[in-house]
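First up is the structure itself, then whatever we jot down about it.
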Amino acid sequence: QEAAKYEKKVLVLDFVKPTPLGNSWGLGGTCVNVGCIPKKLMHQAALLGQALQDARKFGWQFTEEVNHNWMTMTESVQNYIGSLNWGYRVALREKSVTYENAYGEFVGPHTIKVLPKPIEKLYTAERFLIATGERPRYLGIPGDKEYCISSDDLFSLPYCPGKTLVVGASYVALECAGFLAGLGLDVTVMVRSILLRGFDQDIANKIGEYMEEHGVKFIREFVPIKIEEGAPGILKVTAKSAKGNEIVEGEYNTVLLAIGRDSCTRNIGLDKVGVQINEKTGKVPVNDEEQTNVPYIYAVGDILQDKLELTPVAIQAGRLLVRRLYAGATTKCDYVNVPTTVFTPLEYGACGYPEEVAVEKFGEENIEVYHSHFWPLEWTVPSRDNNKCYAKIICNIKDNERVIGFHVLGPNAGEVTQGFAAAMKCGITKEQMDNTIGIHPVCAE
């Protein structure tokens, strides 16, 4: 859409290879269809369940038993997603962008073929932008693709998942485990090593503790080695210790895999035009202008090597790229101090360095960490979760105690973090933060 503003002739190819269970979706990519949007809505459904419990302490009286209907929720979520898919189609049409629900593959310089056959077509273009994203990884063990689901299946699942085993410790794993437990389901998380690799580990461990206190079970340092059918509606999972030979078995209604994602770069003909990719990860190295080693081919989003896998980052990078190419702009995407939020039951907002990374980069003697526990006012009347919310900032002593890391664990963490991220972009110091008067009585205070 951005390129079309500058009267460029634009073709968009968007094809979703169905999951092993046969699920696919409409225009808009992972975030809209099987990522941020349905995840946040289902997280909200779980928060509403908690709000119902709190409501009695605030004087709301209701006697009937409260139950959750999975099908009502998924239908409502999918209807909203459908409206977004339609909106994107209309927006492309209004800007005269050609859209094809088809798979593209490079066949030579400046040339792609568009599948599926038998209507194979060739297109040529001055420039190409690869934004193919990633898809969930499978375990490569007996029964994984036959019996397991991924986040690509969960949000449109036509039945309540029931007793669920979530395999993985990624933010996807913990977010899904969190809202499923919040909807009243029996949830177990099987973790190979640490929680939330790449995030601040102090915070990650607090998230794990909170989830355990609220009914999520954890099987630590085990990995599944076999999944098979048991009694009707039951899956039997065999897992092995990550550190020894101990075997455990369990029975579940649903097994959700969230062990990581793989870049969709290996089957689009990049080798035919000489685009280099990281052979191990499939990630694409680019320069600071999102340009690959082939000058007319660019890339943005989750497939980039050593860049953040966040939707707003990809959108920003794409827009700025087009403005540099066609509008004479010079601004490059800034990948530093990008805020993000993990929507676990206790939300986690972060911007800047995790504490471990700050210590490694600046030296322990050169950083100061200020931290605080807090109790949201809204939680005091129901008298729950005192001292579970937490905030900390990491400061660079040698740079006037400039804030280089911000981490908050509590309700509405994303809303809180966004404003602090703007302040960090402006180079806020600990003194300036101390001199800012808080809004009372809110968590951001």
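The values are calculated or read from the model by the stated rules, or taken from the named source; none is laboratory data. Owing to the predicted nature of the structure, the values given are computational and were not obtained by experimental measurement. As a convention, Cβ positions derive from the backbone with ideal geometry for all residues, glycine included, and neighbour counts pool all protein chains shown.
Only one of the numbered conditions (1) at pLDDT 95 or above; (2) within 30 Å of Ser263 (Cβ to Cβ) is not met by Asn79, and that is (2). Take the residues of segment 77-100 that are in contact with a strand residue (DSSP E or B) (Cβ under 8 Å, 6 or more places away or on another chain) and not charged (D, E, K, R): which is farthest from Ile119 (Cα to Cα)? Result: Leu92. Annotation for segment 336-347: no member residue is over 21 Å from the mean Cα position of the chain (by Cα) and closer than 30 Å to Lys8 by Cβ.
Of the residues examined, Thr330 is one that is surrounded by fewer than 16 Cβ atoms within 10 Å (Cβ to Cβ) and more than 20 Å from Ile397 (Cα to Cα). Pairing each residue of segment 5-28 that is under 21 Å from Arg137 (Cα atoms) with any residue that is of a type in the set (Ser, Thr, Tyr) and assigned to a loop (DSSP other than H, G, I, E, B), provided the two are 6+ apart or on different chains, yields C-beta distances under 8 Å for Val16/Ser24; Lys17/Ser24; Pro18/Ser24; Pro20/Tyr138; Asn23/Ser156; Trp25/Ser156.
If a residue counts only when it is of a type in the set (S, T, N, Q), at pLDDT 95 or above and surrounded by fewer than 19 Cβ atoms within 10 Å (Cβ to Cβ), which helices (runs of 4 or more DSSP H) contained entirely in segment 132-228 have at least 2 such residues? Give the derivation first.
Numbers: elements: 144-147, 151-154, 171-182, 201-213.
Result: 201-213.
What about Thr72, is it out of contact with any Lys or Arg (no Cβ under 7 Å at 6 or more places or on another chain), of a type in the set (Ser, Thr, Tyr), under 28 Å from Lys307 (Cβ atoms) and at pLDDT 95 or above? Spelling it out, it is not the case that Thr72 is out of contact with any Lys or Arg (no Cβ under 7 Å at 6 or more places or on another chain), of a type in the set (Ser, Thr, Tyr), under 28 Å from Lys307 (Cβ atoms) and at pLDDT 95 or above. Only one of the numbered conditions (1) touching a Phe, Trp or Tyr at 6+ places or on another chain (Cβ under 7 Å); (2) part of a strand (DSSP E or B) is not met by Leu321, and that is (2). When segment 293-323 is limited to residues that are over 26 Å from Gln418 (Cβ atoms) and without any contact (Cβ under 8 Å) to a residue 40 or more places away in the chain, the one that is surrounded by the fewest Cβ atoms within 10 Å (Cβ to Cβ) turns out to be Pro295. Scanning segment 101-133 for residues that are closer than 24 Å to Leu321 by Cα, touching a strand residue (DSSP E or B) at 6+ places or on another chain (Cβ under 6 Å) and β-branched (Val, Ile, Thr) returns Thr111, Ile112, Thr124, Ile130.
Checking each residue in segment 351-408 for being among the small types (Gly, Ala, Ser) and surrounded by fewer than 16 Cβ atoms within 10 Å (Cβ to Cβ) picks out Gly363, Ser372, Ser383.
As a summary of the residue check, His371 satisfies the conditions (1) over 30 Å from Ile203 (Cα atoms); (2) over 23 Å from the mean Cα position of the chain (by Cα); (3) not in a loop (DSSP other than H, G, I, E, B) except for the one numbered (1). Looking at Val187, Val223, Val191, can you tell me which residue is within 18 Å of Val342 (Cα to Cα) and not assigned by TED's automatic domain parsing to the domain that holds Met71? The unique qualifying residue is Val191.
Within segment 96-125, the set of residues being within 29 Å of the chain's Cα centre (by Cα) and part of a loop (DSSP other than H, G, I, E, B) comprises Val97, Asn101, Ala102. Is it the case that Lys272 is surrounded by fewer than 16 Cβ atoms within 10 Å (Cβ to Cβ), outside any loop (DSSP other than H, G, I, E, B), in contact (Cβ under 8 Å) with a residue 40 or more places away in the chain and in contact with a strand residue (DSSP E or B) (Cβ under 8 Å, 6 or more places away or on another chain)? Judged against the criteria, Lys272 is a match. The condition (being in contact with a helix residue (DSSP H, G or I) (Cβ under 8 Å, 6 or more places away or on another chain) and more than 25 Å from Gly198 (Cβ to Cβ)) is satisfied by just one residue among Asp434, Asp385: Asp385.
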